[in-house]
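These notes concern the structure reproduced below.
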Amino acid sequence: VQLQAFGGGLVQPGGSLRLSCAASGSIFSITHMRWYRQAPGKQRELVAAITSGGSTNYVGSAKGRFTISRDNAKNAVYLQMNSLKPEDTAVYYCNADIRTSYSGTFWGRGTLVTVSS
């Protein structure tokens, strides 16, 4: 099983970006999917989470600016980020609880988001 995140890049303050992450491989089911981020010199932190039923949870400054969504048919999770600030600059990682031949939590490689003028 692999998770691949993409969609990062350079954006000006106040701009928007949409991150995507898709899981591939021998997948039976996916329950929780999440986005984390890690800014330079800081610990990795949870940004948002979504259940298989679509219930969402946001942490800290993501509330009101970011929207997490998923497409269960595509085993994908998205993060729409609006009103971006320089402090949103970080490597963003997707994470999912996946059942294959066993159950486990899988991480994707990060995608860098840089908010700068």
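The values are calculated or read from the model by the stated rules, or taken from the named source; none is laboratory data. In this text the structure is predicted, and so the values were computed from the model without any measurement. So basically every Cβ, Gly included, is an ideal-geometry build from the backbone, and we count neighbours across all protein chains shown. The protein model used for the area step is the full one, side chains on, heavy atoms only, and it has no ligands, DNA or RNA in it. Shrake-Rupley method; radii C 1.70, N 1.55, O 1.52, S 1.80 Å.
Give me the net charge of residue 37's neighbourhood, meaning all other residues with Cβ under 10 Å from the Cβ of residue 37; Lys, Arg count +1, Asp, Glu -1. Provide the component values of the computation, followed by the final result.
Working: positive: 42, 44; negative: 45, 88.
Around residue 37, the surrounding residues sum to 0.
Taking the Cα centre of the chain as origin, work out the dipole magnitude from +1 charges on Lys and Arg Cβ and -1 charges on Asp and Glu Cβ, in debye rounded to 20.
Numbers: 12 positive and 5 negative charges, 6 e Å.
Rounded to the nearest 20 debye, it is 20 debye.
Quick one: order 10, 79 from most to least accessible surface, probe 1.4 Å. Don't skip to the end; give the middle numbers.
Details: 10 130, 79 0 Å².
Greatest to least solvent exposure: 10, 79.
Just to confirm the filter: which chymotrypsin sites (Phe, Trp or Tyr not before Pro) across segment 13-59 are DSSP coil and have at most 11 other Cβ within 10 angstrom of their Cβ?
Numbers: sites: 28, 35, 36, 58; in loops: 28.
Answer in residue order: 28.
Please give the length that would be gained between residue 85 and residue 107 if that part of the chain were fully extended, namely 0.36 nm times their separation in residues minus their C-alpha to C-alpha distance (nm, one decimal).
Values: separation 22, 0.36 × 22 = 7.92 nm, distance 2.51 nm.
Length gained, residue 85 through residue 107: 5.4 nm.
Starting from 0.36 nm per residue, how many nanometres of slack lie between residue 73 and residue 6 once their C-alpha separation is accounted for? Walk me through the intermediate numbers first.
Values: separation 67, 0.36 × 67 = 24.12 nm, distance 1.85 nm.
Additional length available on full extension: 22.3 nm.
For the chain, what is the accessible area per residue in Å², given a 1.4 Å probe and the full set of protein chains?
Numbers: 6220 Å² over 117 residues.
For the chain, the solvent-accessible area averages 53 Å² per residue.
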